[in-house]
Ligand code: AHR
């Protein structure tokens, strides 16, 4: 592993160490003689959605291209599995740990263990709510509050001509996760602009298609008059479409649907008129992650927050870009 090799180099040449700044952390990839590989432990959330599959592929492909030895684990959306994976990466003395926290809270203990072991941590995709910002080096990912706002802004514009109350049901992401908390907040903030817009029911679909379907079935049973679905990701929206069709209604017309992600299946449904609007959340974080990891290991400074650039899609825009979508 990179640090062990670095110590060997240090023993052979104090000069090299001094030139690198004198600490193991600063002994950089730049000073790497060629066959030393950075080892990254990556604790993924799971495989709950099309987005997650694309994100895993992005991280694995980028690690290969960057010459990073990737140790990958899938936590099946369970925090205890992610904590176990991180502890195992600490034991294996990897050079850097990256992870996408399934929920926001409860990370301080394991992050302190990584810090004590002098293994830098990078958050990707999702945030933790820790008040100690020294427990991780940087956080790379989307602005989820902004995504929720964009979804709400579209609905405010789209509902301008409506004279009656617009009844909205919300299918939330995984309870306690950053994207569920933040998208809810951003959406609620945006729709405050029009008192006609009312959230009449809100429940978690755990970011899965089956979860979205089940929740939507229950919503349809209990609410006679649903005008809009706001689903926290495409998969939940796609599940909701199945439930709406099974109830004899037309998704995109009888009930409008707004989702977040813009994965291929979501964009296909948008092009076909079954979804009305998608806010993009990009899963292509691999290249930026490898770049940040190399800098962190080299002891270079990195921004504490790197926000992903993303856009939005109407049905017409989706038709234009569908064929060229990479995921
Ligand atoms: O954290 C990103 C979110 O998690 C994506 O929107 C969703 O599809 C995924 O499961």
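In the chain, what percentage of the DSSP-assigned beta bridges are antiparallel, given to the nearest 5?
On the way: 3 of 41 bridges.
The antiparallel fraction comes to roughly 5 percent.
Provide the convex hull volume over Cα atoms per residue for the chain, in Å³.
On the way: hull volume 40.5 nm³, N = 327.
Convex hull volume per residue, Cα atoms: 124 Å³.
Normalised by the residues of the chain, what does the relative contact order come to in percent, with Cα pairs under 8 Å and at least six apart? List each step's numbers first, then the result.
Values: 675 pairs, mean separation 59.3, N = 327.
Dividing the mean separation by the residue count of the chain yields 18 percent.
Each stretch of four or more DSSP H residues adds -39500 (n - 2.57); spread over every residue of the chain, this sum gives -13000 deg cm²/dmol at 222 nm. To the nearest ten degrees, helix 209-222 and the longest principal axis of the Cα atoms of the chain are 30 degrees apart.
At a temperature of 20 °C and a viscosity of 1.002 mPa s, determine how fast the range 144-281 diffuses translationally according to Stokes-Einstein, using the Kirkwood radius over alpha-carbon pairs as Rh; express D in µm²/s, rounded to the nearest whole number.
In µm²/s, the coefficient rounds to 151.
Ranking request for peptides 238-248, 78-88: highest mean number of other beta-carbon atoms within 10 Å first, then the rest in descending order. Kindly include the intermediate steps, with their values, before the conclusion.
On the way: 238-248: 20.0, 78-88: 17.7.
The packing order, highest mean first, is 238-248, 78-88.
When 1/r is averaged over all different Cα pairs and the result inverted, which Kirkwood radius in Å belongs to the range 92-201? Could the numbers behind the result be given before it?
Working: mean 1/r = 0.0629 Å⁻¹.
That comes to 15.9 Å for the range 92-201.
Relative to one another, the C-alpha centroids of the range 252-327 and the range 109-160 are positioned 16 Å apart. Computed from Cα atoms, the angle from the helix 50-66 axis to the main principal axis of the chain rounds to 20 degrees.
Rounded to the nearest 10 degrees, the inclination of helix 178-191 to the longest alpha-carbon principal axis of the chain is 40 degrees. Averaging sequence separations of C-alpha pairs under 8 Å and six or more residues apart, then dividing by the length of the range 55-162, give the relative contact order as a whole percent. With pairs under 8 Å counted, the relative contact order is 18 percent.
Where a number appears in this text, it was derived from the coordinates with a stated rule and is not lab data. From a predicted model like this one, the values you see are computed outputs, not experimental measurements. We place every Cβ from the backbone using ideal geometry, glycine too, and count neighbours over all the protein chains shown.
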